[in-house]
Amino acid sequence: MAVTRVEVTPKQGEGMRDVRGDVVRRQLMADHNIKVEEVRSINGFLIKSNISKAEITERVNDLFSDPIIEDVLTDTLFLSSSEHFPTTPAAAITIGFKPGVTDNPGSAAFDGFKTIFPHHDHQRDASISTYHTYAFFGLPEGVSTEWLASTLHNNLIQRAVITDANGCSNGQWPAIDYPEKPPQILTPPQRMNLEISDEELLSLSETGLLALNLEEMQTIQSHYRDEAIRQSRAAVGIVTDAPTDVELECLAQTWSEHCKHKIFASKIHHIDPETGEDSVIDSIFKTHIMKPTHDMQKEVDWLLSVFHDNSGVIAWDDDWSVCMKAETHNSPSALDPYGGAMTGIVGVNRDILGTGLGARPIANTDVFCFGPPNWEGELPDNLFHPSRVFRGVHAGVRVGGNESGIPTVNGAIVFDDRYIGKPLVYCGTVGIMPRKLPDGRESHIKTPTAGDIVYMVGGRVGYDGIHGATFSSLELTEESPSSAVQIGDPITQKKMLDMVLEARDAGLISCITDNGAGGLSSSIGEMATYTDGCEIDLAKVPLKQPGLSAWEILVSESQERMTIAVKPEDCAAFDAMAQLHEVEATPVATFTNTGMFHVKYEEETVAYLSIEFLHDGVPQLQLESEWHTPTPELFTPETISLPEKAGHSNLLLRMLAQPNIASKESWVRQYDHEVIAQTVIKPFVGVERDGPGDAGVIAPIHGDPHGLVISCGIAPRYSDLDAGAMAAASIDEAVRNAVCAGINVDKMAGLDNFCWPDSIESVKTPDGKFKLAQLVRANRELERVCRAYRLPCVSGKDSMKNDYGTGEKKISIPPTLLYSVFGDQPDVRFTATSDFKNPGEKVYLVGISKEELGASEISFMLRDSGEANGIGGQVPLLPNPEINITTYRALSTAIQSGLIRTAHDCSEGGVAVAAAEMCIGGRVGANIDIDGTGDASVWSRLWGESLGRFLVGVQPENEDAFIKWMAGHPITILGTVTESENLTISDGYDVLIDVETNSMVEAWQKTLDMTGGVA
Amino acid sequence: MAAPKVAVLFGFGINCDHETAAVFNLVGGDAERVHVNNFVSGNRSLDDFEILAVPGGFSFGDHLGSGRLMGNRMRFALRDQLHAFVAAGKPIIGICNGFQVLVKTGLLPGPSAQTPLPDFVQRASLTLNDSGRYEDRWVTLEFDAESPCIWTKGIERIDCPVRHGEGKFVMPSTTDFDALAANNQLTVRYVDPSTPVGKGMTDRPLPFPLSPNGSMRNIAGICDATGLVFGLMPHPEAVYAKWLHPDHTRNTAPGPLTSDVLGEWEGEGLQIFRNAVEYVLGNR
């Protein structure tokens, strides 16, 4: 088949711009301070088809180019055309995909190609591949073309063809060719001999990326020594005394840390020399997460489905239930920030679609932890600069979320040096489903029976995404594999989503789950537990390219796939629906009740494992945990000499510019946060719509003001003092944010997403006992606070190997819990935002400021600048959560009753930063007096981050009613919103801070505006 | 009288179909989400509907230019049905990606005031925002009171979100704009909210973010010469209720003081959809 090249470039002329080129130019300026005069862009298409060049040339304006705004050339490089490029560039770089990598524009172009050549017989391997060329004009001296190319592509998935200044003047233009994938040869299933030494077992696990430990390998070894098992295997004609490669891979996926959460399920021997404790915890998950939630489930009627499904489901009203799930995609995002993050968000969308009989995703949340974007220190091998990770991750979730039509309503971005080693990319999704389907079934309950036909729906299976689950269960190294990296395809998924929800409402679905980690082996394997068996034929699975071996088909994590069970009598209707939506749906398996996970390739049995052994055969880990309180150098602000007048004022401007506090608006605004026409409180609020929002509020049923609140809390740096306090603070922050929007505190649920460094003591991790003790303390605090708040954890996830490298070079992330809250908001017409509303509004502190400056943002800032010695001290604690929740209930109902329309969570940077943010949102000033807010030091009352606190604004006419409403709760008048343009904060007669609101706006907005402007 | 039947297209990455159907239903329409392929295959006929809405979204991922591939499907497969629809005096709206689709099918701006019916020739385009960024932000829009557009009667100025990366409206020459202006087809423009109502529209490009995309003559939306086909980049359906306006917690969200559907809470965007429903009812 011939390959035809078509190139397109923006027309030049009055009012026209080459925006793609311009974006490259501005980013070089923003990220590297390199000023290029002009960058021009060319989009290229390599069309592999048996349609003639002449026919294609005739139709280019119908498809590849827009005649109003673009010029087009067929089979000629634009760079060689002096008509279009009269000036010779200083460098030209073409970026294309590597063979086999998802090329979404290419697939879309091919779809359009079939529309304009509808009657043509398109050959099976016809396709279109795309590329971009950038031509640089006025490049400063000393900028190498290779370096320039490295900033434009990721060589794990892309290729670059480069022409430097010399080449340009000789007309040697970069001409990239079609990325032909070499043919693959199918390997038949192999017998895996396990009658080998322990060392060989471990080496097999390591070289095969199985991520199984010795005891697990031995468990598998002994399984195949069982005579009864050997006999049953002989009956189906599979190798009797050893696993096939299909079986071993399948077990490795199913038993991976990623899928089985072996650390949370382990038996832990925990000692605490400081208290003398010596105890055993039989599964952190069962003890501290599951048990409390199940206890709460006995007392309320709205917890419909917890833990066992793809997301937790709560009843929202009589007609609708809502569900939520959050996931992490850390390892893939480290290797390819864009693809890793995109597959993170579209992957968690599928968890929602795979909940019950299918829920509709209606809101996304994104929380990222990165190294500092302005990092100037060294970078370990194979790691990207934090600003590059930031840009890539942001672009990935932006494209994934926006193209899927799901609004991003809430999130956070946190910075710390240690996230250079492994960024954390949390993606969450909220879903909604009718309580009952038209056929009367409750939508949160799956109803499979033996005999149901199991379809694979959506995308095809390819080499991309093999070993994701086991890979994420290992630490990141310089040799991490590229097959674990994928790019998402939101449109394929969107088509599938439309179709699946129609099929659900038509009553065609009896069971559904997504294909994520572990691929078909996990999705069908897990669903098969309902009926106790299944039979799969891997030869039926549609492939992206021929030649995949049986084990690869079974475990590949290729994206955009759901596994759906359909009753035999409904298959015809299901097929017709798939055809209408142009979604590929292929029957690949049948549910049975044989007790066996039976996998065939055509007639040959390639895996034959009992459901019981597959799911419950993994031995419980036995781990050691030992706590000792960290003792970092103390933060002693009283020893810092501040300039008399401007001292705290300057600190305020510096604090507002700290990456952890600074506005993320220029990034967040690039997410669609309003699609579906339901978003009541948007990520940014206030007169100029640029003040911080505390929580997302949506009213998902059009015309009905019944609302839903979505919020999050994260405080990883408190782990430097106590991971238990970190967990308590995260939960409290999430709840406080939700309270600010008027959540019904008696109908809210939570998600716990733990990201931890390796916590199993070993040569690689000599401090494993301590890291595990951090996990124990975090979970104990989680149970204590959630029980007090009557806040059930309905779903969660853990990612337990967030380290880079080993030995001296090892970087471990700070133990991090993201806590997300979703819950009922009775009426969105009565809610609150953080912006001060008008002069005269009274400002109150709700809660108590204590002497708690340990690990505070101010301590980190002053330590990093060298002005303070350390960050040690008292970390914020939550001693009486059962009292806090009564205050939260009072405040939330005050908001629900319309008494208060201004409320803001007081966290990083304390009262000073909270008040500043409220002035920014309202573009007003305020007079605040922190005298009367307790006996703690000035530093603590100003900058301290004591939990349980809010700043609220009360209109003068509501002040009496507010005071009565809050009777018995700790409230303190702080001051008044003023006409003046300044925020002043005093402590009695001492004026501590006096700063213009406009200066605060500037300080707060400039740090993270990395857009390079609009000009 | 039976409620006007509204076809709301969906499929292939259209995202705003649910809310677009909902707002028509709020104002007395009978909206149904219909998959594009049901019209293409002939399972369903456009003849059975009185209003057509092409909602926002990312049809085909906006690869090869926003709205291009969906526009092609409609241009090649639905040409006759769409021509008949407009000839029968039935209104069509395209919002955001839907506007991009209508421009790329050639339905907007359409041929001329003299021969107003569709000829499916593309005469304009919507291209990448000057900022280079997809953004979700609120803008202020003002409407040409003299426009023949049946969708915008009586609407002066509203606040709306834009949510797009390719919203810069361009045409090859100033005479193209002048011809549309002469016929009042430049229906809606981005304006500076500090100008007096009715005085905001200007041909001089407004700075970012007043104009979020650098659109020529600040154009946010246009209609065809019949006034039946209307497209705009901003999302009026996203402010069907005051509680969706960013100022609602400040008690200053604009909109009608009362309405039959949402009482004091009707938002400014709903009237556009009510206009079309009333137009159909008035012309039966």
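The values are calculated or read from the model by the stated rules, or taken from the named source; none is laboratory data. This is a predicted model, so every value here is computed, not measured. FYI the Cβ positions are ideal-geometry reconstructions off the backbone, even for glycines, and counts take in every protein chain you see. Note: areas computed on protein heavy atoms with side chains; ligands, DNA, RNA excluded. Shrake-Rupley method; radii C 1.70, N 1.55, O 1.52, S 1.80 Å.
Which strands (runs of 3 or more DSSP E) does the range B:177-245 wholly contain that include 2 or more residues that are touching a Phe, Trp or Tyr at 6+ places or on another chain (Cβ under 6 Å) and open to solvent by less than 20 Å² (accessible area, probe 1.4 Å)?
Numbers: elements: B:188-190, B:219-223, B:229-232.
Of the strands (runs of 3 or more DSSP E) lying wholly inside the range B:177-245, those with at least 2 residues that are touching a Phe, Trp or Tyr at 6+ places or on another chain (Cβ under 6 Å) and open to solvent by less than 20 Å² (accessible area, probe 1.4 Å) span B:219-223, B:229-232.
Check A:LEU46 against each of (1) at pLDDT 95 or above; (2) within 30 Å of A:HIS385 (Cβ to Cβ) and name the one condition it does not meet.
Single failed check for A:LEU46: (2).
Go through (1) in contact with a helix residue (DSSP H, G or I) (Cβ under 8 Å, 6 or more places away or on another chain); (2) closer than 24 Å to A:THR893 by Cα one by one and return the number of the condition A:ILE993 breaks.
Result: A:ILE993 fails condition (2) only.
Collect the residues in the range B:80-120 that are assigned to a loop (DSSP other than H, G, I, E, B) and within 23 Å of B:GLY61 (Cα to Cα), keeping them in residue-number order. Can you show your working first?
Residues of the range B:80-120 assigned to a loop (DSSP other than H, G, I, E, B): B:88-91, B:96, B:106-120.
B:CYS96, B:GLY106, B:LEU107, B:LEU108, B:PHE120, listed by residue number.
Please work out if A:VAL599 is among the β-branched types (Val, Ile, Thr) and either within 30 Å of the chain's Cα centre (by Cα) or under 30 Å from A:ILE491 (Cβ atoms) (or both). So that I can check it myself, show each step before the final result.
On the way: among the β-branched types (Val, Ile, Thr): yes; either within 30 Å of the chain's Cα centre (by Cα) or under 30 Å from A:ILE491 (Cβ atoms) (or both): no.
Taking the combined requirement at face value, the residue does not satisfy it.
Please specify each residue of the range A:5-24 satisfying the condition of being surrounded by 21 or more Cβ atoms within 10 Å (Cβ to Cβ) and either in contact (Cβ under 8 Å) with a residue 60 or more places away in the chain or not assigned by TED's automatic domain parsing to the domain that holds A:HIS153 (or both).
Those that are surrounded by 21 or more Cβ atoms within 10 Å (Cβ to Cβ) and either in contact (Cβ under 8 Å) with a residue 60 or more places away in the chain or not assigned by TED's automatic domain parsing to the domain that holds A:HIS153 (or both): A:VAL6, A:GLU7, A:VAL8, A:THR9, A:PRO10, A:GLY21, A:VAL24.
Could you tell me which residue of the range B:50-69 is surrounded by the fewest Cβ atoms within 10 Å (Cβ to Cβ), considering only residues that are more than 9 Å from every other protein chain (Cβ to nearest Cβ) and within 13 Å of B:GLY231 (Cβ to Cβ)? First the steps, then the outcome.
Within the range B:50-69, the subset more than 9 Å from every other protein chain (Cβ to nearest Cβ) is B:50-55, B:66-67.
Filter again for within 13 Å of B:GLY231 (Cβ to Cβ), leaving B:52-55, B:66-67.
Values: B:LEU52: 26, B:ALA53: 28, B:VAL54: 33, B:PRO55: 28, B:SER66: 30, B:GLY67: 31.
In this case the residue turns out to be B:LEU52.
When both residues are 6+ apart or on different chains and their Cβ atoms are under 9 Å apart, which pairs have a first residue that lies in the range A:271-282 and is assigned to a strand (DSSP E or B), and a second that is open to solvent by 80 Å² or more (accessible area, probe 1.4 Å)?
Pairs that qualify, where the first residue is assigned to a strand (DSSP E or B) and the partner is open to solvent by 80 Å² or more (accessible area, probe 1.4 Å), are A:ILE271/A:ASP278; A:ILE271/A:GLU624; A:ASP272/A:ASP278; A:ASP272/A:HIS628.
May I ask you to verify whether B:ASN275 is touching a residue at least 12 places away in the same chain (Cβ under 8 Å), more than 12 Å from every other protein chain (Cβ to nearest Cβ) and more than 16 Å from B:PHE143 (Cβ to Cβ)?
Details: touching a residue at least 12 places away in the same chain (Cβ under 8 Å): yes; more than 12 Å from every other protein chain (Cβ to nearest Cβ): yes; more than 16 Å from B:PHE143 (Cβ to Cβ): no.
No.
Can you name the residue in the range A:168-186 that is in contact (Cβ under 8 Å) with a residue 40 or more places away in the chain and more than 30 Å from A:LEU548 (Cβ to Cβ) and is also surrounded by the most Cβ atoms within 10 Å (Cβ to Cβ) among such residues?
Let us first name the residues in the range A:168-186 that are in contact (Cβ under 8 Å) with a residue 40 or more places away in the chain, namely A:168-169, A:171, A:173-186.
Within this subset, residues satisfying the condition of being more than 30 Å from A:LEU548 (Cβ to Cβ) are A:168-169, A:171, A:173-175.
Values: A:CYS168: 20, A:SER169: 12, A:GLY171: 12, A:TRP173: 19, A:PRO174: 23, A:ALA175: 15.
Per the stated criteria, the residue is A:PRO174.
Determine the pairs where a residue that is within 12 Å of A:ASN838 (Cβ to Cβ) and assigned by TED's automatic domain parsing to the domain that holds A:ALA912, located within the range A:950-964, has a partner that is small (Gly, Ala, Ser) and assigned to a helix (DSSP H, G or I) with Cβ atoms under 8 Å apart, the partner being 6 or more residues away or on another chain.
As it stands, the answer is none, since no pair meets every condition given.
For the range A:519-542, what are the residues that are of a type outside the set (S, T, N, Q), buried (at least 23 other Cβ atoms within 10 Å of the Cβ) and more than 20 Å from A:THR187 (Cα to Cα)?
A:ILE524, A:GLY525, A:MET527, A:ALA528, A:CYS534
Listed here are the residues, each with its yes/no results for (1) within 14 Å of chain B (Cβ to nearest Cβ); (2) touching a residue at least 40 places away in the same chain (Cβ under 8 Å); (3) in contact with a strand residue (DSSP E or B) (Cβ under 6 Å, 6 or more places away or on another chain).
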{"residue": "A:THR76", "(1), (2), (3)": "no, yes, no"}
{"residue": "A:SER82", "(1), (2), (3)": "no, no, no"}
{"residue": "A:THR102", "(1), (2), (3)": "yes, yes, no"}
{"residue": "A:ALA108", "(1), (2), (3)": "yes, yes, no"}
{"residue": "A:TYR131", "(1), (2), (3)": "yes, yes, yes"}
{"residue": "A:TRP147", "(1), (2), (3)": "no, no, no"}
{"residue": "A:ALA160", "(1), (2), (3)": "no, yes, yes"}
{"residue": "A:ALA165", "(1), (2), (3)": "no, yes, no"}
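Residue check, B:SER131 against (1) more than 14 Å from every other protein chain (Cβ to nearest Cβ); (2) within 30 Å of A:VAL668 (Cβ to Cβ), all met but one. Which one?
For B:SER131, the exception is condition (1).
In the range A:939-957, how many residues are more than 18 Å from A:ALA741 (Cα to Cα) and touching a helix residue (DSSP H, G or I) at 6+ places or on another chain (Cβ under 9 Å)?
First, the residues of the range A:939-957 that are more than 18 Å from A:ALA741 (Cα to Cα): A:939-946, A:956-957.
From the residues that got through so far, the ones that are touching a helix residue (DSSP H, G or I) at 6+ places or on another chain (Cβ under 9 Å) too are A:939-946.
Here the count works out to 8.
Given A:THR287, A:THR293, A:THR275, which one is of a type outside the set (Lys, Arg) and over 20 Å from A:PRO792 (Cα atoms)?
Working: A:THR287 fails: over 20 Å from A:PRO792 (Cα atoms); A:THR293 fails: over 20 Å from A:PRO792 (Cα atoms).
None of the other options fit; the residue is A:THR275.
For the range A:354-390, give me the residue count where each residue is under 28 Å from A:THR102 (Cα atoms), modelled with pLDDT under 95 and open to solvent by 20 Å² or more (accessible area, probe 1.4 Å).
Result for the range A:354-390: 6.
On the given criteria, is A:GLU206 open to solvent by 40 Å² or more (accessible area, probe 1.4 Å) and without any contact (Cβ under 8 Å) to a residue 40 or more places away in the chain? I'd like the intermediate steps shown before the answer.
Numbers: open to solvent by 40 Å² or more (accessible area, probe 1.4 Å): yes; without any contact (Cβ under 8 Å) to a residue 40 or more places away in the chain: yes.
In short, yes.
Could you run through the range B:19-38 and say how many residues are more than 8 Å from chain A (Cβ to nearest Cβ), out of contact with any helix residue (DSSP H, G or I) (no Cβ under 6 Å at 6 or more places or on another chain) and either farther than 19 Å from B:ALA2 by Cβ or modelled with pLDDT under 95 (or both)?
1
Looking at (1) open to solvent by less than 10 Å² (accessible area, probe 1.4 Å); (2) closer than 24 Å to A:ALA903 by Cβ, which is the only condition A:MET726 fails?
Among (1) open to solvent by less than 10 Å² (accessible area, probe 1.4 Å); (2) closer than 24 Å to A:ALA903 by Cβ, A:MET726 violates only (2).
For residues in the range A:691-713 being open to solvent by less than 10 Å² (accessible area, probe 1.4 Å) and not in a strand (DSSP E or B), which is farthest from the other protein chains (Cβ to nearest Cβ)?
Filtering the range A:691-713 for residues open to solvent by less than 10 Å² (accessible area, probe 1.4 Å) gives A:691, A:695-699, A:707-711, A:713.
If we keep only those that are not in a strand (DSSP E or B) as well, we get A:695, A:699.
Working: A:ALA695: 13, A:ALA699: 6 Å.
Per the stated criteria, the residue is A:ALA695.
Among the residues of the range A:492-512, write down those that are of a type outside the set (A, V, I, L, M) and open to solvent by 10 Å² or more (accessible area, probe 1.4 Å).
Taking the range A:492-512 first, the residues of a type outside the set (A, V, I, L, M) are A:492-495, A:498, A:502, A:504-505, A:507, A:510-511.
If the condition is that a residue be of a type outside the set (A, V, I, L, M) and open to solvent by 10 Å² or more (accessible area, probe 1.4 Å), then A:THR492, A:LYS494, A:LYS495, A:ASP498, A:GLU502, A:ARG504, A:ASP505, A:GLY507 are the ones that fit.
Could you please find all residues in the range A:855-869 being over 29 Å from the mean Cα position of the chain (by Cα) and not hydroxyl-bearing (Ser, Thr, Tyr)?
Going residue by residue through the range A:855-869, those that are over 29 Å from the mean Cα position of the chain (by Cα) are A:862-863, A:865-869.
Across the range A:855-869, the qualifying residues are A:LEU862, A:ARG863, A:GLY866, A:GLU867, A:ALA868, A:ASN869.
Which of the residues belonging to the range A:341-382 are among the β-branched types (Val, Ile, Thr) and in a strand (DSSP E or B)? Show your work before the answer.
Initial filter on the range A:341-382 (among the β-branched types (Val, Ile, Thr)): A:343, A:345-346, A:348, A:352, A:355, A:362, A:365, A:367.
A:ILE362, A:THR365, A:VAL367 - these are the residues of the range A:341-382 that are among the β-branched types (Val, Ile, Thr) and in a strand (DSSP E or B).
Does the range A:664-683 contain at least one residue that is more than 27 Å from the chain's Cα centre (by Cα) and in a strand (DSSP E or B)?
Within the range A:664-683, not a single residue is more than 27 Å from the chain's Cα centre (by Cα) and in a strand (DSSP E or B).
Could you list all residues from the range B:252-272 that are within 12 Å of B:GLU237 (Cβ to Cβ), open to solvent by less than 30 Å² (accessible area, probe 1.4 Å) and in contact (Cβ under 8 Å) with a residue 40 or more places away in the chain? Let's see the steps before the verdict.
As a first pass, look at the range B:252-272 and keep what is within 12 Å of B:GLU237 (Cβ to Cβ): B:267-272.
Checking which are open to solvent by less than 30 Å² (accessible area, probe 1.4 Å) leaves us with B:267, B:269-270, B:272.
Hits for the range B:252-272 are B:GLY269, B:LEU270, B:ILE272.
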